[in-house]
Amino acid sequence: MAGTTVRDNKEVETCFAEACSQTGLVVSEERILALQGYSKIEVFQMLWDEKIGKDHPEYEENVFVSYDTFREILENHYKTHEIIPIEGCLETFAYLRENGIKIALTTGFYRIVADIILKKLGWLEGLDENHFNMDGTAVIDLSLTPDDVIKGRPEPYMIKKAMEVFGIEDPWQVINVGDTPSDLESGKKAGCLLSLGVTNGTHSHDQLAAYPNDGLINSIAGIIEIVKQQNVVEHEKI
């Protein structure tokens, strides 16, 4: 979501850095950026493990204090600030829908924040209690968070869950797109036809190029041409 389909102005990084500062974690900007896309509770687990170790008597308490602080800061931010789709996003959604391609949004956000964002964008409307576009009236077809699977990115479980919901058995029918290294890794682990990086989000072209990928595009709108090319290839095979 943030950085791929939703405009990102470093909100997550800023809120995360503030939570770290308030709870005694010293973390560099580079380290925070590298952990974008991961489930945030897992990030705090990693950081406190690095600082004091999992066996420390205050480890679990510190993790949850940092995480709860982050949640409060982040939720307040998204409730009180404007949320805007990335340029070309809605046009891309429209093209995919016109061509019968399902749209699943996966995120490192937990469900409460994901729903705050979806609601402010109007993308929550039409989704059922499972965040599935049951009657076909919603802007997207499915929303998934780490809360919906056993483990978030960089593991492939959200992608596999989306495939299950849509009745897709072959991962080569799936194109994964994201703006972080963890997005790219999850797509690779899922065996997707393509795992693509967008370079107008949290990471630059050079930053994403250092990780295994099947292509880097300037924005989500680049998906349109890629889908057209895939359709040409499929027709040629036939």
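Filtered by the rule that a residue be part of a helix (DSSP H, G or I) and of a type in the set (D, E, K, R), region 122-147 gives a lone residue, Asp147.
Considering region 178-195, and only residues there that are surrounded by fewer than 24 Cβ atoms within 10 Å (Cβ to Cβ) and not hydroxyl-bearing (Ser, Thr, Tyr), the residue that is farthest from Ser39 (Cα to Cα) turns out to be Leu193. Residues in region 171-223 that are at pLDDT 95 or above, within 20 Å of Gly88 (Cα to Cα) and of a type in the set (S, T, N, Q) were compared, and the one that is farthest from the chain's Cα centre (by Cα) is Asn218. Somewhere in region 107-121, is a residue within 30 Å of Phe44 (Cβ to Cβ), in a loop (DSSP other than H, G, I, E, B), within 19 Å of the chain's Cα centre (by Cα) and among the β-branched types (Val, Ile, Thr)? The answer is yes; a qualifying residue exists. Can you go through Gly178, Gly187, Gly197 and tell me which one is under 19 Å from Arg7 (Cβ atoms) and in contact (Cβ under 8 Å) with a residue 24 or more places away in the chain? Matching residue, one of Gly178, Gly187, Gly197: Gly178. Within region 119-158, the set of residues being within 22 Å of Glu98 (Cα to Cα) and touching a Pro at 6+ places or on another chain (Cβ under 9 Å) comprises Leu121, Trp123.
Do we have any residue at all in region 10-17 that's among the β-branched types (Val, Ile, Thr) and in contact with a strand residue (DSSP E or B) (Cβ under 8 Å, 6 or more places away or on another chain)? Yes; the residues of region 10-17 include at least one that is among the β-branched types (Val, Ile, Thr) and in contact with a strand residue (DSSP E or B) (Cβ under 8 Å, 6 or more places away or on another chain). Just to be sure, is Arg97 closer than 20 Å to Leu193 by Cα and not in a loop (DSSP other than H, G, I, E, B)? Against the criterion (closer than 20 Å to Leu193 by Cα and not in a loop (DSSP other than H, G, I, E, B)), Arg97 qualifies. Annotation note: of Lys161, Lys151, the sole residue that is under 16 Å from the mean Cα position of the chain (by Cα) and modelled with pLDDT under 95 is Lys151.
Taking region 63-96 as the search range and keeping residues that are closer than 16 Å to Gly24 by Cα and of a type in the set (Phe, Trp, Tyr), which one is surrounded by the fewest Cβ atoms within 10 Å (Cβ to Cβ)? This residue is Phe64.
One line per residue, one yes/no per condition, for (1) basic (Lys, Arg); (2) more than 30 Å from Gly88 (Cβ to Cβ); (3) buried (at least 16 other Cβ atoms within 10 Å of the Cβ):
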position	(1), (2), (3)
Thr4	no, no, yes
Glu11	no, no, yes
Cys15	no, no, yes
Ala19	no, yes, yes
Val26	no, yes, no
Ile41	no, yes, yes
Phe44	no, yes, yes
Asp49	no, yes, no
Ile52	no, yes, no
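Tell me, please, whether a residue that is surrounded by fewer than 21 Cβ atoms within 10 Å (Cβ to Cβ) and on the phi > 0 side of the Ramachandran plot can be found in region 163-175. Yes, that holds for at least one residue.
Per the listing Glu18, Glu30, Glu11, Glu42, the residue uniquely within 20 Å of Glu185 (Cα to Cα) and in contact (Cβ under 8 Å) with a residue 40 or more places away in the chain is Glu42.
Let's see how each residue does on (1) out of contact with any helix residue (DSSP H, G or I) (no Cβ under 9 Å at 6 or more places or on another chain); (2) farther than 21 Å from Gly178 by Cβ:
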{"residue": "Ile32", "(1), (2)": "no, no"}
{"residue": "Gln36", "(1), (2)": "no, no"}
{"residue": "Gln45", "(1), (2)": "no, yes"}
{"residue": "Glu87", "(1), (2)": "no, no"}
{"residue": "Leu90", "(1), (2)": "yes, no"}
{"residue": "Tyr95", "(1), (2)": "no, no"}
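The values are calculated or read from the model by the stated rules, or taken from the named source; none is laboratory data. Since we're looking at a predicted model, the values are computed, not measured. FYI the Cβ positions are ideal-geometry reconstructions off the backbone, even for glycines, and counts take in every protein chain you see.
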